[in-house]
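Here's the structure we're looking at; comments come further down.
The values are calculated or read from the model by the stated rules, or taken from the named source; none is laboratory data. If you're wondering where the values come from, they're calculated on a predicted model, not measured in any experiment. For neighbour counting, all protein chains shown are included, and Cβ atoms are generated from backbone atoms with ideal geometry for every residue, glycine included. Just the protein is used for accessible areas: all its heavy atoms, side chains included, with ligands, DNA and RNA removed. Shrake-Rupley method; radii C 1.70, N 1.55, O 1.52, S 1.80 Å.
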Amino acid sequence: MGDLRAPEKRFRPELEGVRTVAAFLVAVYHIWIGSVSGGVDVFFIVSGYLITTSLLSKMEKNGRIHLIDYWLGLARRLFPIAFTVLLFTAVVSILIMPQVQWKQIIGGIFASALYFENWYLANSAVDYLAQNNQASPLQHFWALSLQGQFYLTWPFVVWLAYFLAKKVLGTPVRKTMLGVLAALFTLSISYSIFKTAVNQPWAYFDTFARVWEFSLGGILALLLPYLRLNKSVSTVMGWLGLAIICFTGILLPVSTVFPGYAALLPTGGVILVIIAAENSTRYGVDRLLGSKPFLYFGGMSYGFYLWHWPLLIFSYAYFDVEKVPLAGGLAIMAAAFVLSFLSVKVLETPVRNINIKQSKRKLAVVLVSLLFPLFCVNSVWAYYVSGQDHKEYDMKKYPGAMAISDGVKPAPGKKPVPSALAVKEDLPAFYDDPECFSGIEEEKVTKCSRGETKNPAHTIALVGGSHSGHWYPALEELAKKMKLEIEIYNKDACRFSSDDFDGLLNASCMDWNEKVLDMLKNDPPDVVFTTANVGAGDQVPEGYMEQWRKLEGITEVFAVRDNPAMEGDPPTCVEQKKDLEDCSMPRDKVLSEAIPWENTQGIPDNVTFADLSQYFCNDKSCPPVVGNVLVYRDYHHISTLYSRTMAGALKQPLMKSLE
């Protein structure tokens, strides 16, 4: 039985041109359109095509792949510019990026240097408490990390196909490889479609949801010698493929529907281009993509991709803007091009010229010397940041809400606390215990007890999502004075409601609600503490009241009016603005005039309400700082310290409910 034909060994200039187009599109979409282009999917197909061809040829020729030589070859090509960009990003971030983002950036640098940034971002994407993180200057490294994982593991895929062909099945190597790649493609794209449907933010960064793109590039490499077209079809196909690559980002909302079946569009486009180039014609697309300008830029596309994103994010931070004008965008692209050119000439080329077979030790020393300063800078930075968390503050100088409830005058001339650096990490204490809360997608129902657990005077069940949970520090303070036991029933992004009235609650949340209701009936607390409305809503949702009715005759409900939601990120704004009024919100924009329960019919008799809006807004505006304390840790969650200072404000209405 004959094997598949090997493709003709030749330089394929159109692939450099495709890289040029992809890198340019990524930058243009990022800078001016503010969306994702699908250009990284093009990189994945090209990588799959080239690496499969190279590794399979080595395996057929030598019967093995020299892994150390192979990985060192990749490292000398990838590491010099990547580590330089990371070091540059660390230094500039310390100088100009808001402190509130420092921990996120530090983690991103470590993750990018070790090629797991895609998983780092995937976890952030589904971590409700981290979802308000702003764009990191390292975010684009997710694609490089995914490619690095592909480069690391693909030799084993080739080895598996070779082993099956020679030792198990007795089949031709290339046909066996085609079968292995087809199996990987089928498994991965099936998983990708499923995962994209149920959890798209995770799927976007998931390696397993992207393997099919690399597999497809490998399948193309194996079948390309058999794909013969007439000149007219080839010409049309090539230009159509280029058009698809260029306009995918406009035709599809790439960042919200990829990488499921929708990613077949840009990957199909690059496949059309490669097939057309194999059947070259006088007016074919390969004449453009293989031209000298495209070839020249293609050699710098890797560096250009790495440099453009941090330059864009730094321009946002330095100029305090959310968009850059045409001239500013062109300047960013020009700077990225110049830095890429210098990186290639000064770093990449000298390192790539080191002979692997003759100078392994020298190459290893050079690569470590590039990595060492990066890890030193980032480690020292991380150590400094870790020392800023969880500080204790003198409540006489930083009274927070007590400036209103108890008339404590804040010390003049003090910077607001916690610092922007610490406020994000200072979460309510129960989040330290994974048995005290459930994640967004988790189906488990947790219950844990805090406060006075041995001989409590009263038991309070804190029920709901993060907008219930951020009241825990206030209850924790009251627990000491009132001998309260706090039973925590918490699930991220989930409210205590019988229905999904605004489309924001997932299926696991609704299941959680049913189970929690049964638990409260079987072991009723004295009071269920929860929220009364959502944000600026002027009514109590029917789904809330239905849950409360089911507890009539069993327990009381204490419902607190939801806090206003701000715009942007208050800690960042307070850090950057001299006048705090610039960070305030008009009261009438974030808080309804009508008190929700006074505007709602059918409220059960077992409910006591508390309106604490005066601690978030004055008559005209809602400030980000009260009593020298940051009110918010992000745009809609109360900071832990401010919540703690709310204990006095919460005490009287809570006692009314308990009585």
Among (i) -0.24, -0.76, -1.34; (ii) -0.27, -0.89, -1.42; (iii) -0.30, -0.86, -1.23, the value of log10 I(q)/I(0) by the Debye sum over Cα atoms at q = 0.05, 0.09, 0.12 Å⁻¹ computed for this structure carries the label (iii)
Listed by chain and number, the lysines with an alpha carbon less than 30 angstrom from that of K515, same-chain partners under 8 positions apart left out, are K195, K444, K447, K454, K480, K483, K491, K550, K651, K656
Residue by residue through the range 633-644, the couplings from Karplus 6.51 cos²θ - 1.76 cosθ + 1.60 with θ = phi - 60°, in Hz, x for Gly and Pro, are 9, 8, 6, 9, 10, 5, 5, 4, 5, 5, 4, 4
Computed from every Cα-Cα pair in the range 493-589, P(r) in 10 Å bins starting at 0 and rounded to whole percents is 14, 36, 25, 17, 8, 0
For the chain, cysteines with no other Cys Cβ under 4.7 Å from their own Cβ are listed as C246, C376
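Counting only protein heavy atoms, what percent of the accessible surface of the range 579-659 is carbon or sulfur at a 1.4 Å probe?
Values: 1450 of 3550 Å².
Here carbon and sulfur together make up 41 percent of the probe-accessible area.
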The answer for the chain, accessible area per residue at 1.4 Å probe in Å², is 44 Å²
Here the FRET efficiency for F341 versus R10, based on Cβ atoms and R0 = 22 Å and rounded to 0.05, is 0.20
Which residues qualify? For T531, with a placed amide H closer than 5 Å and at least 5 residues away or on another chain, they are F496, V560
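Based on the mean of other beta carbon atoms within 10 Å per residue, what is the order of 191-204, 215-228, 357-370, 635-648, most packed first? Each step should come with its number before you reach the end.
Details: 191-204: 18.2, 215-228: 20.2, 357-370: 13.4, 635-648: 24.4.
Per-residue mean Cβ counts within 10 Å order the peptides as 635-648, 215-228, 191-204, 357-370.
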If one compares the long axis through the Cα atoms of helix 264-278 with the longest principal axis of the Cα atoms of the chain, the angle in degrees, nearest 10, works out at 10 degrees
What the 5 Å binned alpha carbon P(r) of the range 391-452 shows, as percent of pairs per bin from 0, is 4, 13, 16, 15, 15, 13, 11, 8, 4, 1
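Can you order the peptides 517-529, 559-571, 235-247 by their average number of other Cβ atoms within 10 Å per residue, highest first? Kindly include the intermediate steps, with their values, before the conclusion.
On the way: 517-529: 18.2, 559-571: 22.1, 235-247: 19.9.
So the peptides 517-529, 559-571, 235-247, ranked by packing, come out 559-571, 235-247, 517-529.
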Cross-link reach from K521 to aspartates and glutamates, straight Cα distance under 18 Å and at least 8 residues apart if same chain, gives E485, E487, D511, E546, E552, E556, D605
